1. So which residues in the range A:128-143 are among the small types (Gly, Ala, Ser) and within 9 Å of chain B (Cβ to nearest Cβ)?
2. Of the residues that make up the range A:25-41, is at least one touching a helix residue (DSSP H, G or I) at 6+ places or on another chain (Cβ under 7 Å), more than 12 Å from chain B (Cβ to nearest Cβ), surrounded by 15 or more Cβ atoms within 10 Å (Cβ to Cβ) and at pLDDT 70 or above?
3. Being buried (at least 24 other Cβ atoms within 10 Å of the Cβ) and small (Gly, Ala, Ser) is the filter here, so list the residues in the range A:139-153 that pass it.
4. Since residue B:135 meets every condition but one in (1) among the hydrophobic types (A, V, I, L, M, F, W, C); (2) within 8 Å of another protein chain (Cβ to nearest Cβ); (3) in contact with an Asp or Glu (Cβ under 8 Å, 6 or more places away or on another chain), which condition does it not meet?
5. May I ask you to list the residues in the range B:32-90 that are more than 18 Å from the chain's Cα centre (by Cα), among the charged types (D, E, K, R) and at pLDDT below 95?
6. When you scan the range B:22-43, do you find a residue that is within 14 Å of chain A (Cβ to nearest Cβ), surrounded by 18 or more Cβ atoms within 10 Å (Cβ to Cβ), in a helix (DSSP H, G or I) and touching a Phe, Trp or Tyr at 6+ places or on another chain (Cβ under 9 Å), even just one?
7. Based on this model, can you work out whether residue B:58 counts as over 21 Å from residue B:112 (Cβ atoms) and either in a loop (DSSP other than H, G, I, E, B) or not hydroxyl-bearing (Ser, Thr, Tyr) (or both)?
8. I'm checking my understanding of the structure. Among residues of the range A:154-173 that are free of Cβ contacts under 8 Å to residues at least 12 places away in the same chain and either buried (at least 24 other Cβ atoms within 10 Å of the Cβ) or within 7 Å of another protein chain (Cβ to nearest Cβ) (or both), which one is nearest to residue B:106 (Cα to Cα)?
Amino acid sequence: MTAGLTALGVLAGTAACDDHRSGGGAASGVSSGGSPAGSSTGQADPDVALVERVRTELADTLALVTATGAADDSLRGRLRPFRELHRAHVAVLTDAGETGSPAASPSGATGDLSGARSPASALHQVVRREQLTRARLADAAVAAESGTLARLLASMSAAVGQRLAATARTTEAGTS
Amino acid sequence: MTEIEALQAVLAAEHAAVYVYGVLGGQASQSAQPALFSSVSDAYATHRSRRDLLTGEITDLGAHPVAAAAAYDVPDALGGPAAIARTARRLEDGCAAAYAALVESTTAHRRRWAVGALGDAAVRVLAFRGTPETFPGAGEYTDH
């Protein structure tokens, strides 16, 4: 995956990291073509672990959304945009087409989804998970060494927030 | 893009937003389109506040904040709510892209602020009949 993300210009590598920490701007080592500086120095890129963590968290969220939609027909359509969003985000982070890296697998941390729940309760659980996902993506954006990766993660966080707001609008319109 | 360049680009986008939202506010009818009028008014206040904050930030960094242009392009035909909403969406999309660039060019607390502003712009688009995107402010990933 490292090679693929570097090809996308997402991972900065150690040299780029040094550049922006010394005040040269977070993008200084990335926007010039995203050269795999980390690989040339032989040092591990700290963003690789960050990307893996984000991929796992997105896979967990996707698993919850998918299971909730499968368990309740009335929610399936409303949750489809979230499912498609997370799949698109995971695809960009995985870049499996270029690297052969396996798709992200959920950690199983979403807990037991079995048992009877009302649609409102199930939707509430998904919304809370999406709010958490939005916040974690924002935190990951701030933590990223690469400016390019930070921008991508910030955009993903904004997309989740936007989808949450759209869902809230739909809910309000349906109850008013 | 350096941090200062990114801040200046965002300030330029905010100058444009303040100007154009001012025009849109004069075109939206408070009585006939209260929701649209309210959204335009809220957006104007938010962008004015951000403009002032950015001006202070850039000054604190020892640079001269980019000045507002004398005027900005506003579509001639702003006769109805659809045109007002379309113009507002275009403004917010531009601000989202500028904030995304600021995320890339900053670190720590300033980057966190930019992340929040990007998310805010993405949500505000919805108030102007916008539709959710997969990568707000970073549309090049959509075709990945």
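The values are calculated or read from the model by the stated rules, or taken from the named source; none is laboratory data. Please read these numbers as outputs of a predicted model, since none were measured by experiment. Glycine also receives a Cβ, built like all others from the backbone with ideal geometry; neighbour counts cover every protein chain displayed.
1. A:138, A:141
2. no
3. Step one: of the range A:139-153, the residues buried (at least 24 other Cβ atoms within 10 Å of the Cβ) are A:141, A:144-153.
Correct list: A:141, A:144, A:146, A:147, A:150.
4. (3)
5. Selection gives B:76 alone.
6. yes
7. Values: over 21 Å from residue B:112 (Cβ atoms): no; either in a loop (DSSP other than H, G, I, E, B) or not hydroxyl-bearing (Ser, Thr, Tyr) (or both): yes.
For residue B:58, the condition - over 21 Å from residue B:112 (Cβ atoms) and either in a loop (DSSP other than H, G, I, E, B) or not hydroxyl-bearing (Ser, Thr, Tyr) (or both) - is not met.
8. Per the stated criteria, the residue is A:155.
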